[in-house]
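The values are calculated or read from the model by the stated rules, or taken from the named source; none is laboratory data. None of the values given here were measured: they were computed from a predicted structure. Glycine also receives a Cβ, built like all others from the backbone with ideal geometry; neighbour counts cover every protein chain displayed.
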Amino acid sequence: MTSSDGAERDAHLLKALVALADTMVADYDQFDLLSDLAHSCVQILDVDTAGLSLAHLGQLGYVAGSSEVMTIIELFQFAHQEGPCMDAFHTGRPVHIVDVAAERDRWPTWAPRALELGFRAADAFPLRLRGETIGALNLYATRVRPMKERDIRAATALADMAAIGIIHDRAHRQRQLVQSQLEAALQSRIVIEQAKGVISEREGIDPHEAFERIRQHSRSHNVKLVDVARQVVDGTLQLD
């Protein structure tokens with residue numbers, strides 16, 4: 001690699017890391033991010049194609065890749081539950097395949113298919129943060145070769161940053177969901193209290209009995225409690 005090639009590679013690596021770091025502070029489209037990362041891996045690392053998979057309910061699913069042939073081999077891998085990506089995900093450790101042809105006994109279904117598609121070497125890196133593995137970064141080369149140490153370090157950094165960004169985003173979305181649910185519950189409580197007040201004043205009964213009337217109407221008419229309360233407050237429903 002010439003100095004100019006090295007500088008270009010470092011520039012691509014820095015750009016990819018910055019893009020992944022941005023997920024911590026800005027909204028992003030997950031598919032676009034992972035698609036861009038797959039293409040960046042081809043520019044940065046000694047690989048011919050790259051792809052990323054994420055887990056849902058314990059099962060890996062292919063998300064994005066740099067080529068159509070990557071899609072083919074990854075979907076084949078998931079269909080047969082066999083290959084380096086599956087091992088990296090389940091063990092939480094990188095998998096390095098110097099020569100795919102030597103792995104026929106290990107992966108009797110995946111290895112022949114990979115060879116048919118022109119792949120000769122493969123590497124898979126778990127998307128992992130502490131004890132949680134959420135997917136894998138998958139890299140393929142069309143020639144037999146061990147992955148260089150500098151590429152292993154770069155791929156590990158990219159996989160780790162992707163995992164951090166995705167897990168952070170999921171946690172943020174979960175917090176937003178919890179917050180919105182809390183706000184909705186508080187708003188419902190306010191409306192119900194208002195409805196209790198309306199009925200108590202109109203019927204001359206205590207708030208507890210007013211609430212029981214609201215609840216009885218909700219159950220007998222299969223309408224949400226808060227919806228009954230809203231109708232009482234806006235005057236479209238008068239309870240007996």
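Under the condition of being within 14 Å of Q238 (Cα to Cα) and among the small types (G, A, S), which residue from region 175-203 is surrounded by the most Cβ atoms within 10 Å (Cβ to Cβ)?
A195
Rundown of residues vs (1) in a helix (DSSP H, G or I); (2) charged (D, E, K, R); (3) touching a Phe, Trp or Tyr at 6+ places or on another chain (Cβ under 8 Å), yes/no style:
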| position | (1), (2), (3) |
| --- | --- |
| D160 | yes, yes, no |
| A163 | yes, no, no |
| I166 | yes, no, no |
| D169 | yes, yes, yes |
| Q179 | yes, no, no |
| V223 | no, no, no |
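Give, as residue ranges, the strands (runs of 3 or more DSSP E) completely inside region 47-143 that count at least 1 residues that are closer than 22 Å to R153 by Cβ and over 16 Å from the mean Cα position of the chain (by Cα).
Working: elements: 49-56, 59-65, 95-97, 121-129, 132-141.
By residue number, 49-56, 95-97, 121-129, 132-141.
Can we say D151 is of a type in the set (D, E), part of a helix (DSSP H, G or I) and surrounded by fewer than 23 Cβ atoms within 10 Å (Cβ to Cβ)?
Details: of a type in the set (D, E): yes; part of a helix (DSSP H, G or I): yes; surrounded by fewer than 23 Cβ atoms within 10 Å (Cβ to Cβ): yes.
For D151, the condition - of a type in the set (D, E), part of a helix (DSSP H, G or I) and surrounded by fewer than 23 Cβ atoms within 10 Å (Cβ to Cβ) - is met.
I'm checking my understanding of the structure. Among residues of region 43-62 that are touching a Ser or Thr at 6+ places or on another chain (Cβ under 9 Å) and surrounded by fewer than 18 Cβ atoms within 10 Å (Cβ to Cβ), which one is nearest to P112 (Cα to Cα)?
Within region 43-62, the match that is nearest to P112 (Cα to Cα) is G61.
Give all pairs with beta carbons closer than 6 Å in which a residue from region 120-137 that is assigned by TED's automatic domain parsing to the domain that holds H56 and buried (at least 24 other Cβ atoms within 10 Å of the Cβ) meets a residue that is among the polar types (S, T, N, Q) and modelled with pLDDT of 95 or more; count only pairs at least 6 apart in sequence or on separate chains.
A124/N138
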